[in-house]
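Visitor: Just dropping this structure here.
Read-outs: derived from the displayed coordinates by stated rules, not from any lab. Everything numeric in this text was worked out from a predicted model, so none of it was measured. Cβ sites come from the backbone with ideal geometry, for glycine too, and all protein chains shown count toward neighbours.
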Amino acid sequence: MLKQKALIQVLEQANTNEVTSAILFNKEGLLLGQSGEEVSPTWISSIWACFDRRDLNESIIVMDEGIIGIAPVANMLLALKASKKAEIGMVRAKLRAMAKYLEGPISMIERDV
Amino acid sequence: MEIVRSLEDVRNSIEGVSSIFIADKDGAVVCSVGDELRQRSAIIQSHRNVVEQASRLQMGGHKASMFFFDPTQLIILSFPSFCAFFLASHQTNTGQILHSRRQLEPIISEIRAVIATETPISLDYD
């Protein structure tokens, strides 16, 4: 079973070095867990869907006011939102590390469902 | 010709970049160098959808997008009225592509100047 509190604690670990939000949601934009500033999973899942292919590993969108990083975790999506002061390499590194960490537990939930 | 040559210089300066193309705000390709891509219009359309969805996040205008596929990466740089698309191998230095914005700015300005000086074709009969 998914421990919501533990999931949020894990997501919270990303929120340093100008990363302001970490969010886990499914491809339909339904939220599983979020830490930090509120971000709409609906729009982020729509962004991912624009280029969604089996071989898409990661996507980074740089906007005037910040950066969004998205990566798949099992059949879900993990997104990090960072301020414009954040370094893209740091956002990518955190995204990869967190996606790798969550891959095992989230795959297990999917199997149970 | 000078525009194409300058764009080719940008492509040659970054190892692993197979194709660069520049599209205007309507999605029409203005110039391209390197491999001819079959899915070019699909990429442009997908990018337009990304920009539209991203605008809803209230984070200002679009500056750049990076999509990392298994053997390739797609980097898109936004300029006023134009977008530059880079298709490169997975090993290509992404930072180098992002820094090529400075090299692209004069090329984009030149494209803008060429388009501005083009005389519109009139379809009216005298």
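Visitor: Any chance the stretch A:63-75 includes a residue that's assigned to a helix (DSSP H, G or I) and β-branched (V, I, T)? It would help to see each step written out before you state the result.
Guide: So in the stretch A:63-75, the residues assigned to a helix (DSSP H, G or I) come out as none.
Scanning the stretch A:63-75, I find no residue that is assigned to a helix (DSSP H, G or I) and β-branched (V, I, T), so the answer is no.
Visitor: Looking at (1) part of a helix (DSSP H, G or I); (2) within 11 Å of the chain's Cα centre (by Cα); (3) within 14 Å of another protein chain (Cβ to nearest Cβ); (4) crowded, with 17+ Cβ neighbours inside 10 Å, which is the only condition A:C50 fails?
Guide: Against the list (1) part of a helix (DSSP H, G or I); (2) within 11 Å of the chain's Cα centre (by Cα); (3) within 14 Å of another protein chain (Cβ to nearest Cβ); (4) crowded, with 17+ Cβ neighbours inside 10 Å, A:C50 comes up short only on (2).
Condition check ((1) in a strand (DSSP E or B); (2) of a type in the set (S, T, Y); (3) exposed (fewer than 15 other Cβ atoms within 10 Å of the Cβ)) across all residues:
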| site | (1), (2), (3) |
| --- | --- |
| B:I20 | yes, no, no |
| B:A23 | yes, no, no |
| B:V30 | yes, no, no |
| B:L37 | no, no, no |
| B:S41 | no, yes, yes |
| B:V51 | no, no, no |
| B:F67 | yes, no, no |
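Visitor: Then there's this: Return only the number of the condition from (1) at the interface with chain A (Cβ under 8 Å from one of its Cβ atoms); (2) under 14 Å from A:I67 (Cα atoms) that B:G95 does not satisfy.
Guide: Just one mismatch for B:G95, condition (2).
Visitor: Something else now. Looking at the stretch A:18-28, can you tell me whether even one residue there is free of Cβ contacts under 8 Å to residues at least 12 places away in the same chain and surrounded by fewer than 18 Cβ atoms within 10 Å (Cβ to Cβ)?
Guide: Within the stretch A:18-28 (the criterion being free of Cβ contacts under 8 Å to residues at least 12 places away in the same chain and surrounded by fewer than 18 Cβ atoms within 10 Å (Cβ to Cβ)), the answer is no, since none of the residues qualifies.
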